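The values are calculated or read from the model by the stated rules, or taken from the named source; none is laboratory data. Every value quoted in this text rests on a predicted model; they were computed, and no experiment measured them. So basically every Cβ, Gly included, is an ideal-geometry build from the backbone, and we count neighbours across all protein chains shown.
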């Protein structure tokens with residue numbers, strides 16, 4: 001086995017371009033999320049309105065995911081990625097217009113909310129394509145021998161962008177206002193769009209172009225649901241994200257419980273992802289190939305504990321530390337899951353497998369927002385967060401007992417095999 005090179009993927013020019021454009025895109029997306037959550041709650045002061053944001057994004061993302069996976073496997077990835085970013089820029093522009101006081105002067109609160117919800121719905125439809133396209137494109141940019149390293153850097157870049165985007169979003173709301181912050185998001189998205197054309201078009205590896213969609217989807221679902229490692233990892237993270245996610249109701253803690261304003265909201269959101277920066281350095285120098293299953297279970301368990309600690313805290317900096325730990329633990333589980341998917345997914349069905357992943361995890365973020373908002377409405381935000389963390393711990397214990405294949409997972413042989421193939 002070759003000596004571990006923590007910078008292997010970064011030695012590839014196109015991968016560096018990809019990381020830069022993804023950073024800009026996620027940075028802007030993270031800012032936009034903070035701003036919209038803040039604006040909607042400021043207009044309504046109703047936790048249910050935050051749940052509706054999650055619902056409007058979840059519905060199209062979930063139901064479009066299988067079809068998007070089929071389309072991604074049938075299309076050239078670079079141009080498809082560019083089209084997705086171009087469409088996202090329209091959402092950012094629309095949100096900027098809806099939050100500009102001069103443009104919406106005289107509009108009712110409901111009219112503004114309906115417009116925001118409509119754009120969020122369109123964003124959910126679009127997100128069904130982003131995940132499979134990005135997942136497939138990475139595998140075409142880097143050779144197989146650095147798949148694991150590329151997955152680590154890509155996930156870490158995403159997390160780092162979320163750190164800075166969330167932090168910037170919170171502060172910019174206070175400094176320049178909601179509408180100008182969304183204008184900045186639009187500029188970032190346009191820059192990322194321009195960078196996509198610095199990446200060359202990629203070959204379509206699917207040999208079954210024109211395959212009926214029913215047969216194509218059947219193959220994708222069959223592969224995922226018959227691989228106990230992939231299915232176990234996706235299920236574990238899905239439940240953790242569904243019940244353990246707190247992002248959707250952080251604005252309630254910022255405004256009503258901890259009383260720290262938009263700046264505090266930005267710090268709390270950033271702290272979740274900031275923990276992943278440590279994960280980035282740790283996993284590039286210390287690979288996760290050995291005892292992978294145990295590491296995954298431990299990471300999600302720590303995530304659940306930290307969520308409970310956040311819910312019980314009434315001190316701002318204690319809350320920030322708890323969220324920081326949750327981000328670090330979540331970063332480990334994400335990198336492990338992405339590595340598993342990259343190593344075990346055939347090239348010709350990456351879009352479909354990633355779309356199933358999106359149904360499990362990407363959509364569970366939105367569904368988790370619905371759950372968080374409804375729970376906060378029914379039992380209060382503190383009880384909702386503690387309940388979610390407790391459900392996460394219960395899931396880890398159950399999965400560890402019921403799925404020994406996942407518990408005993410070790411990726412050493414898989415990584416060595418890909419290194420030989422790429423040599």
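Cβ-Cβ under 7 Å, sequence separation 6+ or interchain: first residue in region 250-261 and on the phi > 0 side of the Ramachandran plot and modelled with pLDDT under 85, partner buried (at least 18 other Cβ atoms within 10 Å of the Cβ) and part of a helix (DSSP H, G or I). Which pairs?
Between residues of region 250-261 that are on the phi > 0 side of the Ramachandran plot and modelled with pLDDT under 85 and residues that are buried (at least 18 other Cβ atoms within 10 Å of the Cβ) and part of a helix (DSSP H, G or I), the close pairs are 261/254.
So, in region 91-116, how many residues would count as being surrounded by fewer than 17 Cβ atoms within 10 Å (Cβ to Cβ) and within 21 Å of the chain's Cα centre (by Cα)?
0
Output the residues belonging to region 191-221 that are out of contact with any helix residue (DSSP H, G or I) (no Cβ under 6 Å at 6 or more places or on another chain) and under 16 Å from residue 81 (Cβ atoms).
194, 197, 200, 203, 204
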